[in-house]
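What follows is a short report on a single structure.
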Amino acid sequence: MSVRRDFALSQSLLSHPALELPQRVKSCVSLMTISTTRKLIIAIDGPAGAGKSTIASRLARKLGYANLESGAMYRALALKAILSDTSFDEEAALLKLAEDSHIQLEPTSTGNRVLLDRHDVTMRVREADVTEGASRVSVHPQVRAWMVARQQELGAKGGVVMEGRDIGTKVFPHADVKLFLDADPVVREQRRLQQQNLRGRAAQATAAELRERDQRDRTRAVSPLQPAPDALVLDSTSMSEDEVLRRVEELVKKKLE
Ligand code: DC
């Protein structure tokens, strides 16, 4: 099976976005109407817990675009490494594993469904061992180059909101709209713990893991997490989701008009 085919999004997902749309307020409808004229590439980057996924998925739904979580691809590879007993530190073996894998992202209204070698691993890839592994496999330049190429194929036709760490800098340096979403580390931690309903020891462990992952993602040699020079950088610490969304929508509207 060719890599290109492995990563191809099902056409039905991209070509019938309207089927996915629930009821909208009027402003959303007008945004969507103009969005049918040109299919943009929208890049949303930022650290874990900054609110990227929520914003990306709300924006994609409003526009009728596909929301692609690039991190899920690194997570799928990390899971494959765990299953095949491959070290997260062996770049060549990880690259080979990636090339031999069938990783699919299927946008749904509640996030991406992740398929690894045709098995649904959506829930599994969110677990702690895979989360850490994803950050570790993502430091390798060859793994990144492979992922970036696949992500470029996925978004090439436009009509996508792609979220990650390097979308605006490496995957789509010419994206139509770039948002870099950040927030105070303590607030990000709290949001993550609330999302996962964690307390006590489990909460402490998850918070420590988030800090470590953050540090690794920001300081790795290749494509460290940083805003593209032309990105709108928003600190969402004291902003509501609606506010953040409004700001991105303004950019989208400008591009579409
Ligand atoms: O977005 P996420 O938490 O699912 O990402 C998991 C890991 O994957 C993250 O710690 C770093 C890596 N990643 C990356 O390096 N580049 C991306 N575009 C997306 C994710």
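Here, each number is a calculation from the coordinates, and none is a lab measurement. Quantities reported herein were computed from a predicted structural model and do not represent experimental measurements. Cβ: placed from backbone, ideal geometry, glycine included. Neighbour counts: every protein chain shown.
What is the Å³ per residue value for the convex hull set by the Cα atoms of region 3-256?
Details: hull volume 30.7 nm³, N = 254.
About 121 Å³ per residue, rounded to a whole number.
Between residue 209 and residue 255, how high is the FRET efficiency from 1/(1 + (r/R0)^6) when r is the Cβ-Cβ distance and R₀ = 25 Å? Nearest 0.05. Spell out each step's value before the answer.
Values: r = 37 Å, r/R0 = 1.47.
Efficiency at R0 = 25 Å is approximately 0.10.
Taking 0.36 nm per intervening residue step and subtracting the Cα-Cα distance, what contour gain separates residue 186 from residue 199 on full extension? Mind showing how you got there, number by number?
Numbers: separation 13, 0.36 × 13 = 4.68 nm, distance 1.50 nm.
Roughly 3.2 nm would be gained on extension.
Per residue of the chain, what 222 nm ellipticity follows from adding -39500 (n - 2.57) for every DSSP H run with n ≥ 4, rounded to the nearest 500? Can you show the working numbers first?
Values: 12 runs with 131 residues, N = 257.
Helices in the chain give a 222 nm mean residue ellipticity of -15500 deg cm²/dmol.
So if I take the centroid of the Cα atoms in region 181-200 and the same for region 33-101, what is the distance between those two points in Å?
Cα centroid of region 181-200 versus Cα centroid of region 33-101: 20 Å apart.
Say each of residue 174 and residue 84 gets a label point 7 Å from the Cα, pointing the same way as Cα to Cβ; how far apart are those two points in nm?
It works out to 3.4 nm between the two label points.
Label residue 91 and residue 132 with points 7 Å out from Cα along Cα→Cβ: what is the distance between them in nm?
2.3 nm
Calculate, for residue 238 and residue 113, the FRET efficiency according to 1/(1 + (r/R0)^6) with r their C-beta to C-beta distance and R0 35 Å; round to the nearest 0.05.
Working: r = 33 Å, r/R0 = 0.94.
Once rounded, the FRET efficiency stands at 0.60.
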